[in-house]
Amino acid sequence: MAMPRIKIDHNKCTGCRHCELACSLNHAAVANPRRARIRVFHEGNVFFPVIAGPFVDAACTSKLDIKIGDQVYDMCLLCRASCPQKPFFIEAETGFPLKCDFCGIPPNPSCVRWCNSGALELIDD
Amino acid sequence: MYGRTGRCLRVNLTKGKHLVEEIAPELLDKFIGGRGLGVKVYSDEVDPQTDPLGSENKLIFVSGPLVGTGAISGASCNVVTKSALSGTIACAKMRGHFGAELKFAGFDMIVVEGRAESPVILSILDDKINIRPALEYWGRSTSETEVMYKENLDDKWAARETHLVSVGPAGERLVPLANVINDGFLSVGGAGIGAVMGSKNLKAIAVKGNHSLLIADGDRFVRVVTNLINKLNSAPFTSHSMSAWGSAFFIDLCYQKGMLPQKNFQSAAFVDSKDIGTEALSNTFALRSSGCFACPIACIKKTAVNYPFFKGKGMAPTYWAIGALGLNCAVRDMATIGIAHMICAEMGLDPIAAGGTVATAMELVEKGIADRDSLKLEFRFGQGEDLLQALTLMATKKGHAKRIGKGGQALAEEYGQSKRFMGVKGLSMAAFDPRAIQGMGLHFATCNYGPHHLYAYTFIEEVLGVHEELDPLTTEGKPELVKRYQDMAAIMDSLGLCNWPLMGLKFNNLVPMINSCLGTEYRADDLLRIGERIWNQERLYNMKAGFDHTHDTLPERFLKEPIKDGPAQGQISKLDEMLPRYYELRGWSEKGEPRAETLEALDL
Ligand code: SF4
Ligand code: SF4
């Protein structure tokens, strides 16, 4: 069965963070990137949208570096987990972990709908 | 309160103290926020005769109510003060992510007062407000400051979310041409503001926060914003041209209409725009799009250059940078223009003001009025190395900063040649020849912030013909056009919206977004009326600061000498045909003073 999924193209992302707000408006009914289940990081001139994955209460014991082109990135940057090392995807007030729930099908998860650059795309496998 | 935080942070650097205040709701009703609020608070609190670099002067950073809410292109933060270059009121438009972060940090506005003993950085991080010593940052370029500041923060993840506005060496040295720089973006239209920030010994402001902004009618807001994104996406300029090249794509269009200045506005013709247009831009730089907060257009083109004598990362040149730093100095090499633009960002110089000053010096030398010995630097038209050297030295070397950094007007006056300074109210012209684009000419003469095209986007009609196609060479309907676009820019800046989306949609299209966000019931006319109130408020301030109708003019060259070459050959600016009608439309006397009944109707 075809499974819709979100494809992320880092080369297209402009770092506008409209996706973060789409998510926070949809789930928290306020504008606040820290309450979004997608966050956009940047390193050098490249932006990395990261969609919230599982919540873990211990950090990894191994550190990974990833090489893309001639740049080396810290795996933590791209990792989807929220952990004590990377305090993202946690509700500031409640400490409640946030996870992407693939909202709004049909037609599109809200972040995809507002991403105008084509960096986020809904595809069917 | 919807959209806004309603709070203002008042920082007194002399005393090293700060205070959190509520912003009076009447002020927000009348002046909205952003530029309007900043100008109102500034004019109420600061004597118009004040010395811009004195400690009594204040510096205001203010984000509009739509900034950070998810409204399209709601990214604009304004910096209001009195310009150290012109003595008029000044208002820089900062894009990027600083403005939104300021709102998330819980403030609409920061008012900076007094002067610190020694260099400091103001940090507002997760509700902790500190004024920290910053001696080790003094003298550093804006990008170094940003990197160093973030490296010094203990929490590396928090550092990723912190946004800075800073001054470069030019601002520190009180060079009047200096501007403020945020997130590595050059602020627009802020010549003279960097020196004010430098005079306060304030190197930078850093913000980060966790606060939420409330939206009045979230469901409707999300629907309206989605529609607007789709609209922008189906309009050619906003979906393609701006996204591919940024404003640099105007170069080809303006070239065809003969409105590109060359050699300090002495000529308008180029052999071929291939050297300096979009083709050259794409061939010279690897462009990467970057958007301001919540902007679907993403007109900012980031790039990196790697030459033996200059390495750096930054913004690829925009239209006004290519015009002011390139064409007007007769420099045609795109790589040199790009480096000049990056030097401006690193040093904290305003590209239009700095380019205009260099062009003035070049003309003085070309005409044999000044020379290498008296200027202590080479200034030859078309010589990229002269340009680059002048930009670097005017920001870093004391003597040069005094001589060249004081700006084109002061330089031309020193040689008794004021007519060779191409600018109005002490500020250099943006790169449109007013003889070939009459509406823009009228705007240049009357703008409260000097001749800058981003305070009235009349070229959207006069060059691009987006909503109505207007002949740039005629004066018919131009006073109306200029007034409408001036008021529109004033209200959009106050709301915190970037003006570029107007290339893809009408102002009316934005009204439902504004209302659903703020819980208001404005009609487009109501908003334009508030824009008009803001424009008049600025005018009143400038009048008290010593500006009157005699300053609403253009350099003699545009009024008397026809364009020598190119498609608009033979044209002069018909300013005197348009100005009386403009005053009349504004409800001002023939002397350009707002009439009592006009002010009363605007509730001023
Ligand atoms: S909306 Fe799209 S382009 Fe903008 S930051 Fe998110 S993923 Fe990147
Ligand atoms: S159009 Fe350009 S300047 Fe305006 S908000 Fe978007 S990216 Fe920023």
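Could you give the size of the charge dipole of the range A:7-124 about its Cα centre, using +1 on the Cβ of each K and R and -1 on the Cβ of each D and E, expressed in debye and rounded to the nearest 20?
Details: 13 positive and 12 negative charges, 25 e Å.
Here the range A:7-124 has a charge dipole of around 120 debye.
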Can you bin every Cα-Cα distance in the range B:47-140 into 5 Å intervals starting at zero and give me the percent of pairs per bin, rounded to whole numbers? 3, 12, 18, 19, 21, 17, 8, 2, 0
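Write down the Kirkwood hydrodynamic radius of the range B:376-442, to one decimal in angstroms, obtained as one divided by the mean of 1/r over all alpha carbon pairs. Numbers along the way, then the final one.
On the way: mean 1/r = 0.0744 Å⁻¹.
Evaluated over the range B:376-442, this radius sits at 13.4 Å.
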Overall form of the range A:7-124 per C-alpha gyration tensor (a/c, 1.5; a/b vs b/c): oblate
Could you compute Rg(Cα) / (2.2 N^0.38 Å) for the range B:7-208, with N its residue count? 0.92
One checks the Cα atoms of the range B:536-593 and finds Rg and Dmax, in Å, of 14.3, 41
Expressed as a whole number of Å, what is the distance separating the alpha-carbon centroids of the range B:73-135 and the range B:203-222? 17 Å
Of all beta bridges DSSP finds with both residues in the protein assembly as shown, what is the antiparallel percent, to the nearest 5? 85 percent
Give me the one-decimal nm value for the distance between modelled label points at B:Ala286 and B:Val20, 7 Å along each residue's Cα-to-Cβ direction. 4.5 nm
Let me know the charge dipole size of chain B about its Cα centre in debye, to the nearest 20, where only the beta-carbon of Lys, Arg (+1) and Asp, Glu (-1) is charged. 1080 debye
log10 I(q)/I(0) for the range B:366-488, Debye formula on C-alpha points only (no solvent), q = 0.11, 0.18, 0.21, 0.23 Å⁻¹, two decimals, reads -0.50, -0.93, -1.08, -1.21
Rank B:Gly184, B:Val222, B:Phe250 by how far each Cα sits towards the positive end of the charge dipole of the range B:172-259 (+1 on Lys, Arg Cβ; -1 on Asp, Glu Cβ) and give me just the farthest. B:Gly184
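Roughly how many debye, to the nearest 20, is the charge dipole of the range B:468-545 about its Cα centre, given +1 on each Lys and Arg Cβ, -1 on each Asp and Glu Cβ, and no other charges?
Details: 9 positive and 12 negative charges, 64 e Å.
Around 300 debye, computed over the range B:468-545.
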Counting other Cβ atoms within 10 Å, keep those with at most 12, restrict to DSSP loop, and tell me which trypsin sites (Lys or Arg not before Pro) in the range B:1-76 are left. B:Lys15
Among the lysines, select those whose C-alpha is under 22 Å from the C-alpha of B:Lys103, and discard any that sit fewer than 8 residues away in the same chain. B:Lys17, B:Lys30, B:Lys40, B:Lys58, B:Lys93, B:Lys128, B:Lys150, B:Lys156, B:Lys203, B:Lys208
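Once the Cα gyration tensor of the protein assembly as shown is found, what semi-axes does its equivalent ellipsoid get, as square roots of 5 times the eigenvalues, in whole Å, sorted largest first? Show your work: numbers first, answer last.
Values: eigenvalues 302, 156, 140 Å².
Values for the protein assembly as shown, descending: 39, 28, 26 Å.
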Dimensionless Rg/Rh of the range B:257-325, both radii on Cα and Rh by Kirkwood, sits at 1.03
Lysine pair number, Cα distance threshold 21 Å (strictly under), the range A:7-124, separation 8 or more or different chains: 6
Put +1 on the Cβ of every Lys and Arg and -1 on every Asp and Glu Cβ in the range B:372-499; which of B:Ile437, B:Tyr415, B:Leu427 then has its Cα farthest towards the positive end of the dipole? B:Tyr415
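Can you pull out the trypsin sites (Lys or Arg not before Pro) in the range B:426-517 that DSSP calls coil and that have at most 14 other Cβ atoms within 10 Å?
Hits after loop and neighbour filter: B:Lys506.
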Which Rg and Dmax, in Å, describe the Cα atoms of the range B:330-370? 11.5, 32
Would you please report the Å³ per residue occupied by the convex hull of the alpha carbon atoms in the range B:243-428? 121 Å³
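Take the alpha carbon atoms of the range B:313-411, find their radius of gyration, then divide it by 2.2 N^0.38 Å using N residues; give the quotient. All intermediate terms of the calculation are to be shown ahead of the outcome.
Values: Rg = 12.1 Å, N = 99, 2.2 N^0.38 = 12.6 Å.
Normalised Cα radius of gyration, the range B:313-411: 0.96.
At 0.36 nm per residue, and after removing the present C-alpha to C-alpha distance, how many nm does the segment from B:Ser374 to B:Thr598 gain when stretched out fully?
Working: separation 224, 0.36 × 224 = 80.64 nm, distance 4.99 nm.
Stretched out fully, the B:Ser374 to B:Thr598 stretch lengthens by 75.6 nm.
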Between A and B, accessible area buried - total, square angstrom, nearest 100, 1.4 angstrom probe: 2900 Å²
Can you give the relative contact order of the range A:16-125 as a percent, counting alpha carbon pairs under 8 Å and 6+ residues apart? 27 percent
What are the ³J(HN,Hα) values, in whole Hz, obtained from phi via the Karplus relation 6.51 cos²θ - 1.76 cosθ + 1.60 with θ = phi - 60°, for each residue of the range B:99-115 in sequence order, with x given for Gly and Pro? x, 5, 5, 4, 5, 5, 6, x, 10, 8, 8, 10, 10, 9, 10, x, 8
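Add -39500 (n - 2.57) for each DSSP H run of 4 or more in chain B, then divide by its residues: what number comes out at 222 nm, to the nearest 500 deg cm²/dmol?
Working: 25 runs with 235 residues, N = 604.
One gets -11000 deg cm²/dmol as the mean residue ellipticity at 222 nm.
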Just need the relative contact order of the range B:94-244 here, percent rounded to a whole number, with Cα pairs under 8 Å and 6+ apart. 29 percent
For the range B:558-598, which GluC sites (Glu not before Pro) are both in a DSSP coil and crowded by at most 16 other Cβ atoms within 10 Å? B:Glu590
Stokes-Einstein at 4 °C, 1.567 mPa s, Kirkwood radius from Cα pairs: D for the range B:470-579 in µm² s⁻¹? 78 µm²/s
Within the range B:450-604, how many Lys pairs that are eight or more residues apart, or on different chains, come under 22 Å at the alpha-carbon? 12
When DSSP beta bridges are limited to those with both residues in the range B:7-208, what percentage is antiparallel, rounded to the nearest 5? 75 percent
Over the range B:201-353: Rg over Rh, Cα atoms, Kirkwood Rh: 1.06
Alpha-carbon centroids, the range B:391-430 and the range B:545-604: separation in whole Å: 24 Å
Per residue accessible area of the protein assembly as shown, 1.4 Å probe, in Å²: 35 Å²
Report the convex hull volume per residue for chain B, counting only C-alpha atoms, in Å³. 133 Å³
What relative contact order, as a whole-number percentage, does the range B:199-280 give when Cα pairs under 8 Å and 6 or more residues apart are counted? 18 percent
Expected-Rg normalisation [2.2 N^0.38 Å, Cα atoms] applied to the range B:163-238: 1.64
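The values are calculated or read from the model by the stated rules, or taken from the named source; none is laboratory data. Because the structure is a prediction, the values reported are computed rather than measured. Counting neighbours? That spans all protein chains shown, and the Cβs are built from the backbone with ideal geometry, glycine included. Each accessible area value is taken on the protein alone, full model and side chains, heavy atoms only, with ligands, DNA and RNA left out. Shrake-Rupley method; radii C 1.70, N 1.55, O 1.52, S 1.80 Å.
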